[in-house]
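S.K.: Here it is: the structure, laid out below.
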Amino acid sequence: MQTPDWERVLGAATARAMEFLASLPDRPVAARATTDQLRAAFSRPLDDEGVPAETVVNELANALEPGMVGNPGGRYFGFVIGGALPAAVAADWLVSAYDQNAGAAAVSPGSMVVEEVTAAWLLDVLRLPADCSTGFLTGGQAGNTVGLAAARHAVLRAAGHDVERDGLWGAPPVTVFVGADRHATVDRAVRFLGMGTAAVRTVPTDDAGRMTAAALAEAMRGHRGPAIVAAQYGEIHTGAIEPIGELADIAHEHDAWLHVDGAIGLWARASPSFDLHDGCERADSWSADAHKWLNVPYDCGLAFCRDVAAHRASMSTAAAYLVTGAGVARDAFDWNPELSKRARAVPVYAALRSLGRTGLADLVDRNCAQARLFASLLGAADGVQICNEVHLNQVTVRFGDGDDGDRLTDDVVRRVQADGTCWVGPSSWRGRRVMRISVVNWSTDTEDVERSAAAILRCWEAARQDA
Ligand SMILES: *Cc1c(COP(=O)(O)O)cnc(C)c1O
C-alpha cells in the first residue's frame, strides 16, 4: 500500500485548525469575507493534474478561513448553535481517520458497541426509560422524522394497517396535533412521511409558546382515528418547556403517540436544577440534538423510542450480504434512515466522558445563568424589553416601542452583526420583530456575556441616535 505522508498532511490540518481555534477570542464573530470574495478565492477550473495533499489543505484553509463564522467561540448567540468540546473535536478527527462505516456490526463492530454504550449513557443522563431504542442521526430534523416515522407505524398498526408494507394507500388519515409554536422541522417531517401538512392540527399556545394540557385536551376532544401529538421541550424564542407528562396522559387517553421535539431543551434533564418530575419520560419518542447543547461537532442528532418494535419496523432493512448473528452488536441501520454512515456516536461518547454527569449539568446550569445575566444586563437599559421569562437558555429582546420598535430592533441586530463582538439573529415573536439570544456554548464565560451585552447596548444607543 502507498503510505502517504500523514504527518505532513494531518500536521497541516492540525496547524490550521489550531490557528482558527486560537483566533476565536479575538476575531470578529461574523465571517469577514463577502460572498463575492469567497467565490473569487475558490473559483478555478479543476486542473487535470492533482495537487499534493498538504497544498490542498493549506490552500483550502486560506480560502475558507475568512468565510468562517466564530460559532465555536464563546460569543456566538445566533440560532441554536453549540460549539464543540475539545474531546469531541478530537474524537471526530479519529472518526475521519478510522473511516469506519458505522452502519452495521459486520462492517465496524467497535463503532456499534460505542453506539450501544453511548445510547445507555444518554438514556441515563436524560432520565428516559432505560429500555428505549436509540438512533444516532444527522440532527434534530432527522430526530423528528424518525420519531414520527415510528409513531406513524404504531398508530396505523393499531388501526390494522401496515404502513411499511402498504404505504399510505388505503390507510385511515393520521392527525398530527402540534403546538402553534412548534419547530418547522416537525411539519417537514410530516411531509417527508407522506402524511401531508394538511394532517397537522394546530393547537393554540400560551404566552410562552407552550401547548398546555387544557388546550390539547380541547383540541383532541371527540377526536377519532389515528393520532400523533408532537410536543416541544424548549421553544426557540422563550425556551419554554411544554408539560410533557400531562400532554402524554391526554394523548394516551386517545391512543395517540406523543413525540417530543427536544432539539434544544432535552439536555436540561441532565441538570437537577430542572423539574425532573414533569413526566417527560411518559412520552413515546423524543428527539435531541447533540450538535446543539451537548457541543459535539456537526452533524449529530438523536431519536429515542419507547416502542422499540415500532422504531425498528419503521427504519430497519435487510439484505443477504448484511450479515447479523448471535453475539454481534446492534446494527445501526435498524435505527436510522441511512445505510452507510459516519460513526456519530464516537464524539457523543467523548463529549459525555469528558464532561461527566456533573460537567453536563454544570454546562446546562451555566448557560441558563448566562441567559439570565443577558436578560438582566439588557433589560436594565432604557428602551429595552425582555420579551420572555428566561426559562432556559433563550432570550428574546426588543428595542424601542410600537412600529418604530420593529425597525429599531432590526437595525440593532444589523449593527451588532457588523460590530463583530458577538453574533445574534433577528426573529418575530407574537407579531413583533425581536432579537434572539441563544446561549449554548461550553466555552462561553461571564466576560463573554458582559462584553456582548455592552456591545449590544452600544449598538442600541447608536441606532437610537441615528433614528
Ligand atoms: C434546531 C431545531 C430542530 C432541527 O434540528 P437540526 O439539528 O437543525 O436538524 C428541531 N427542533 C428544534 C426545536 C430546534 O431548535
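The values are calculated or read from the model by the stated rules, or taken from the named source; none is laboratory data. These numbers come from a predicted model, not from an experiment. Neighbour counts are summed over all protein chains in view; Cβ atoms, including those assigned to glycine, are modelled from backbone coordinates with ideal geometry. Keep in mind that these areas ignore ligands, DNA and RNA; they rest on the heavy atoms of the full protein, side chains included. Shrake-Rupley method; radii C 1.70, N 1.55, O 1.52, S 1.80 Å.
S.K.: Please specify each residue of region 257-278 satisfying the condition of being within 15 Å of the ligand (Cβ to nearest atom) and either over 26 Å from A310 (Cβ atoms) or of a type in the set (A, V, I, L, M) (or both).
M.R.: V260, A263, I264, L266, A268
S.K.: When you go through (1) in contact with a Lys or Arg (Cβ under 8 Å, 6 or more places away or on another chain); (2) within 30 Å of D166 (Cα to Cα); (3) not in a strand (DSSP E or B) one by one for G225, which number turns out not to apply?
M.R.: Of the numbered conditions (1) in contact with a Lys or Arg (Cβ under 8 Å, 6 or more places away or on another chain); (2) within 30 Å of D166 (Cα to Cα); (3) not in a strand (DSSP E or B), the odd one out for G225 is (1).
S.K.: Also, I was wondering about something else. Of the numbered conditions (1) within 14 Å of A303 (Cα to Cα); (2) in contact with a Ser or Thr (Cβ under 9 Å, 6 or more places away or on another chain); (3) away from the ligand (no atom under 16 Å from the Cβ); (4) in contact (Cβ under 8 Å) with a residue 40 or more places away in the chain, A120 satisfies every one except a single condition; which is it?
M.R.: Here A120 meets the rest and fails (4).
S.K.: Here's a check for you: in region 227-256, which residue that is within 21 Å of the chain's Cα centre (by Cα) and under 15 Å from R152 (Cα atoms) is nearest to the ligand (Cβ to nearest atom)? Don't jump to the end; show me each part of the working.
M.R.: Of the residues in region 227-256, the ones within 21 Å of the chain's Cα centre (by Cα) are 229-244.
Checking which are under 15 Å from R152 (Cα atoms) leaves us with 229-230.
Working: V229: 15, A230: 10 Å.
Among them, the one singled out is A230.
S.K.: Also, quick follow-up: Residue by residue through region 294-352, note down the ones that are open to solvent by 40 Å² or more (accessible area, probe 1.4 Å) and aromatic (F, W, Y).
M.R.: Y298, Y321, Y349
S.K.: Within region 1-29, track down each residue that is among the β-branched types (V, I, T) and out of contact with any Pro (no Cβ under 9 Å at 6 or more places or on another chain).
M.R.: If the condition is that a residue be among the β-branched types (V, I, T) and out of contact with any Pro (no Cβ under 9 Å at 6 or more places or on another chain), then T3, T14, V29 are the ones that fit.
S.K.: Would you check if R415 is open to solvent by 50 Å² or more (accessible area, probe 1.4 Å) and touching a residue at least 24 places away in the same chain (Cβ under 8 Å)?
M.R.: So R415 passes the test.
S.K.: Answer yes or no: is there a residue in region 389-401 that is open to solvent by less than 40 Å² (accessible area, probe 1.4 Å) and farther than 23 Å from E235 by Cα.
M.R.: Yes, that holds for at least one residue.
S.K.: Inspect region 334-345 for any residue being among the small types (G, A, S) and in a loop (DSSP other than H, G, I, E, B) and give the result as yes or no.
M.R.: There is at least one residue in region 334-345 that is among the small types (G, A, S) and in a loop (DSSP other than H, G, I, E, B).
S.K.: A follow-up question, please. Could you tell me whether any residue of region 365-382 is within 24 Å of F136 (Cα to Cα) and without any contact (Cβ under 8 Å) to a residue 24 or more places away in the chain?
M.R.: No: zero hits.
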